[in-house]
Amino acid sequence: MLEIKNLKKEYSGRIVVDIEHLIINAGETVGIIGNNGAGKTTLFRMLLDLIRPDGGVILSKGDVIVSNDQWKNYTASYLDEGFLINYLTAEEYFIFIGSLQQLGAREVFDYLKSYEEFFNGEILSKGKYIRDFSTGNQNKIGIVAALMQKPELLILDEPFANLDPTTQIRLKEHLKTFKMRHLTTLISSHDLNHITEVCERIILFEKGRVIKDIQTNVDTLKELEAYFSLQ
Amino acid sequence: MYTAFFKHQWMGFWRSRGKGGVIAVQLVMGFVVLYLVCFSILVGYNMESIIKEVFPGKDVLMVFNGMILYYFAIDFLVRLQLQELPTLAIVPYLHLNITKNKLISFLNLSALFSIFNIIPVLVFFPFAVLKMSTDYGLFSFIMYLLTILSLVIFNNYAALYFKRLSIENLKMALIGFLFLCTIGALEYFKVFSIASLSNTVFLAIILHPLIALFFVFMATSIFAVNTRYLRSHLYLEELKSAAEQKTSTDYPFLDRFGEAGVLLALEIKLILRNKRPRSTALKCLLFLFYGILFYKQEVLDANQFWILLFPAVFMTGNLTMIYGQLMFGWQSAEFDGLLANKINMKAFFKAKFLLFTISSTILTVIVSLYGLMSWKILLVQFAAYFYNIGISSVIVLYFATISYKAVDLSRGSIMNMQGATLSRMLLSFPMLLSPYIIYFPLSLIFNPFIALLGLTIFGLTGLLTQGFWIKLLIKEFNKRKYKIATGFREK
């Protein structure tokens with residue numbers, strides 16, 4: 001699905017991302033972890049062509065993402081509030097995102113019905129602009145808008161942050177079902193419990209480099225905890 | 001404690017982000033303030049001769065007295081629009097061990113540092129000192145000054161109080177404007193005159209100085225009211241404006257434009273639902289009065305269209321120019337999302353062109369009223385219109401691809417230079433001057449009418465080749481999109 005070769009990014013002489021070779025296979029649920037400054041968000045932004053790499057290439061389904069927009073047809077993402085349009089109501093935002101995928105307003109609302117439980121009555125018909133929602137609820141809007149695009153590749157940056165416990169559990173259950181639907185998912189998180197529970201493969205970054213790349217097993221959580229407590 | 005507050009304010013000002021780029025703008029603002037101050041001193045000092053010049057044969061003191069209340073009435077309305085509420089500055093201190101009284105006094109104190117409080121003192125005091133200190137006795141003179149000072153204080157806190165009561169000040173501005181018109185009309189039809197009221201009041205103060213205490217009382221009362229209001233509303237949520245129920249809307253008439261229509265609807269919502277773009281758009285309507293200054297009968301008779309061309313281009317394209325100046329900075333907050341989503345760049349630019357075309361069309365229809373003066377004005381304005389939608393829009397969007405400054409939509413637009421850079425301010429020049437590159441040669445070789453025709457054809461050519469320009473703009477945009485996105489992330 002994704003192939004990264006010799007990818008490099010520096011900010012004023014400090015290496016932020018430096019990946020020699022990394023392949024993400026179709027249908028994998030991959031967790032990206034690492035302390036602050038490990039380069040997770042920078043990597044995600046480069047995957048979405050928001051930041052120009054200093055060197056190397058990213059191939060999505062074999063196409064270089066910088067030179068054509070083909071990848072946008074099957075990729076959905078939510079990194080931060082910068083992905084939301086804060087002067088729209090939640091409904092308007094969903095309809096806007098839907099229209100980019102050729103979904104009519106009715107299809108969008110039908111789809112949103114299946115997320116009523118996830119929204120917990122906090123999102124729809126609240127008569128508020130997105131900028132007036134709490135960060136947690138903004139996250140919910142962004143995540144659901146990404147899922148609504150029926151992507152083959154999904155990229156979420158710290159989706160569990162700011163969510164209430166109930167929503168965290170629901171999101172986890174939801175993410176687990178993706179494996180069956182053969183959806184490729186990239187998630188970053190600081191919560192080791194969540195990430196080991198959801199992801200079948202975990203990539204650990206330190207200062208932009210891949211330190212560990214492991215298939216999740218019963219010992220993974222302990223292994224990661226050992227790594228982070230020594231930092 | 002207060003020194004610490006003011007020190008923080010000072011540091012906040014100098015350390016504000018993106019300050020480096022706007023230091024030139026700060027300088028310009030500084031000069032404007034300095035200019036106003038010097039101008040006020042000059043006016044104040046020469047008040048007597050100015051009055052004699054403008055109202056020959058009238059009693060100087062009477063005219064002066066008549067002016068004072070007028071000044072403060074207008075001053076009040078201007079303050080409602082321009083004076084800033086110094087509330088949010090105290091948010092970081094609310095939870096600390098600082099008494100409410102201290103915070104409130106800080107707010108009240110910092111509210112006094114305003115150009116609005118300096119100008120009237122500079123304008124009115126010199127005359128009073130020169131003219132009255134000797135003629136009417138010391139006590140009268142002191143009470144006279146005290147009255148003016150009280151009015152300054154009264155206006156200062158009354159404006160803040162009313163602004164706090166209704167943060168949505170658009171309606172207030174309209175009411176105030178109507179109020180002013182009514183008073184003007186009353187004055188005109190000699191029903192009621194502020195000038196004579198003002199004159200009576202101030203004459204009375206000169207004769208019976210103790211009346212001035214009434215104004216002192218007024219000023220102290222509004223200060224007290226303001227303070228009490230602040231004390232009972234010193235909560236985070238109440239310092240901000242009240243929330244009203246927001247509804248979803250769509251614009252079905254834009255559907256025919258496909259994806260570009262969707263993006264245009266988005267931008268229209270951006271303009272209507274955010275403070276800064278909304279007031280920018282309203283400002284454009286104000287510029288429609290520009291024609292009154294430039295459209296002169298003798299110019300029309302002599303077919304000197306080049307004098308008319310400048311206001312015509314500006315009036316029919318001012319939204320393109322003023323709103324377009326900060327393009328794409330308006331969308332800086334959601335720019336990452338726009339890039340990462342499946343948005344067709346062609347539609348993205350097409351939407352911008354549509355916005356400019358629609359706004360120019362509306363503005364042109366409105367300014368067609370000037371056509372009542374002469375049909376020649378219509379010719380000039382239509383030439384300007386086609387030039388704007390064909391050529392100006394391309395220039396504006398080209399400049400948009402080389403500007404990297406984010407714009408905060410939640411702040412007002414007046415005196416707000418955030419996001420302004422030199423390149424953006426210079427942008428108006430090619431837009432306003434380039435029509436003359438076409439106009440002058442044609443006008444010299446043939447005649448002014450052919451020159452207007454040439455301009456129209458030039459504009460239409462731009463419009464017909466829009467597809468080409470869009471491709472070019474996309475190419476330029478793609479070259480610099482990372483830089484733009486990075487700039488927008490640094491708010």
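Extension gain B:Leu165-B:Ser410, at 0.36 nm per residue separation less the Cα-Cα distance, in nm?
On the way: separation 245, 0.36 × 245 = 88.20 nm, distance 1.88 nm.
So the extension gain works out to 86.3 nm.
Report the full-extension gain for the segment B:Ile175 to B:Leu36: residue separation times 0.36 nm, less the Cα-Cα distance, to one decimal in nm.
Details: separation 139, 0.36 × 139 = 50.04 nm, distance 2.76 nm.
Extra length from B:Ile175 to B:Leu36 when fully extended: 47.3 nm.
Using R₀ = 22 Å, calculate the FRET efficiency as 1/(1 + (r/R₀)^6) where r is the Cβ-Cβ separation of A:Val57 and A:Ile23; round to 0.05.
Details: r = 13 Å, r/R0 = 0.59.
With R0 = 22 Å, the Cβ-Cβ based efficiency is 0.95.
Can you sort B:Val63, B:Val191 so the residue with the fewest Cβ neighbours within 10 Å comes first?
Values: B:Val63 18, B:Val191 9.
Going from sparsest to densest Cβ surroundings: B:Val191, B:Val63.
Quickly estimate the mean residue ellipticity at 222 nm for chain B, helices only: each DSSP H run with n ≥ 4 gives -39500 (n - 2.57), and the total goes over all residues, rounded to 500. Walk me through the intermediate numbers first.
Numbers: 24 runs with 351 residues, N = 491.
When only DSSP H runs of four or more count, the value is -23500 deg cm²/dmol.
Averaged over every viewing direction, what's the projected area of the C-alpha convex hull for the range A:1-63? Give it in nm², one decimal, please.
Working: hull surface 17.4 nm².
Value for the range A:1-63: 4.4 nm².
Between B:Met373 and B:Leu234, what is the spin-label point distance in nm, taking each point 7 Å from the Cα along the Cα→C-beta axis?
5.5 nm
What nm value, rounded to one decimal, do you get for the distance between B:Lys346 and A:Lys128 when each label is placed 7 Å out toward the C-beta?
Result for the modelled spin labels: 4.0 nm.
Could you please rank B:Met373, B:Met1, B:Met315, A:Met148, placing first whichever residue has the fewest other Cβ atoms within 10 Å of its Cβ? Let's see the in-between values first.
Details: B:Met373 15, B:Met1 12, B:Met315 25, A:Met148 20.
So the residues, fewest neighbours to most, are B:Met1, B:Met373, A:Met148, B:Met315.
Starting from the 7 Å offset along Cα-to-Cβ, what nm value, one decimal, do you get for the label separation of A:Ile15 and B:Thr182?
Simple spin-label model gives 7.4 nm for this pair.
When the expected Rg is taken as 2.2 N^0.38 Å, what fraction or multiple of it is the alpha-carbon Rg of the range B:252-489? Let's see the in-between values first.
Details: Rg = 18.1 Å, N = 238, 2.2 N^0.38 = 17.6 Å.
Relative to the 2.2 N^0.38 Å estimate, the range B:252-489 comes out at 1.03.
Hey, got the average number of other protein chain Cβ atoms within 10 angstrom for residues in B:271-281? Before the final figure, lay out each step's value.
Values: counts 1, 1, 6, 4, 0, 0, 1, 0, 0, 0, 0.
Per residue, the average neighbour count from other chains is 1.
Per 0.36 nm of contour for each residue apart, how much would the distance between B:Lys131 and B:Lys102 grow if the chain were fully extended, relative to their Cα-Cα spacing? Kindly include the intermediate steps, with their values, before the conclusion.
Details: separation 29, 0.36 × 29 = 10.44 nm, distance 4.08 nm.
Once the chain is fully extended between B:Lys131 and B:Lys102, it gains 6.4 nm.
Other chains near A:75-83: what is the mean number of their Cβ atoms within 10 Å of each residue's Cβ? Mind dumping the intermediate values first?
Values: counts 3, 3, 4, 2, 3, 3, 4, 13, 8.
Whole-number average of other-chain Cβ neighbours for A:75-83 is 5.
Quick check: from the Cα gyration tensor, does chain A come out rounded (a/c under 1.5), prolate or oblate?
Numbers: a/c = 1.72, a/b = 1.38, b/c = 1.25.
Because a/c hits 1.5 or more and a/b exceeds b/c, chain A counts as prolate.
Mind checking B:471-482 for the average number of partner chain beta-carbons within 10 Å of each residue's beta-carbon?
1
Going 7 Å from the Cα of A:Arg209 along its beta-carbon direction, which residues of the range A:36-68 have the amide nitrogen within less than 20 Å of the resulting point?
A:36-44, A:54-57
Principal axes first, then extents: for the Cα atoms of the protein assembly as shown, list largest minus smallest coordinate on each axis, whole Å, largest first.
Sorted from largest, the Cα extents of the protein assembly as shown read 98, 77, 50 Å.
From the gyration tensor of the Cα coordinates in chain B, what semi-axes in whole Å does the equivalent ellipsoid have, largest first, with each one equal to sqrt(5λ)?
On the way: eigenvalues 422, 212, 77 Å².
Working from the Cα gyration tensor, I get semi-axes of 46, 33, 20 Å.
Could you sort out which of B:Lys346/B:Lys376; A:Lys126/B:Lys483; B:Lys163/B:Lys283; A:Lys40/B:Lys269; A:Lys179/B:Lys471 sit more than 30 Å apart by Cα distance in this structure? Kindly include the intermediate steps, with their values, before the conclusion.
Values: B:Lys346/B:Lys376 38 Å; A:Lys126/B:Lys483 36 Å; B:Lys163/B:Lys283 20 Å; A:Lys40/B:Lys269 34 Å; A:Lys179/B:Lys471 41 Å.
Where the Cα-Cα span goes over 30 Å, the pairs concerned are B:Lys346/B:Lys376; A:Lys126/B:Lys483; A:Lys40/B:Lys269; A:Lys179/B:Lys471.
Any chance you could give the angle, 0 to 90 degrees and rounded to 10, that helix A:165-180 forms with the longest Cα principal axis of chain A?
The helix A:165-180 is inclined about 70 degrees to chain A.
Counting other C-beta atoms within 10 Å, which of B:Met62, B:Met431 has the fewest, and how do the rest follow?
Details: B:Met62 17, B:Met431 23.
So the residues, fewest neighbours to most, are B:Met62, B:Met431.
Every read-out reported here was derived from the displayed coordinates using simple, explicitly stated rules and does not represent laboratory data. If you're wondering where the values come from, they're calculated on a predicted model, not measured in any experiment. Because the Cβ atoms are built from the backbone with ideal geometry, glycine has one as well, and the counts that use them run over all protein chains shown.
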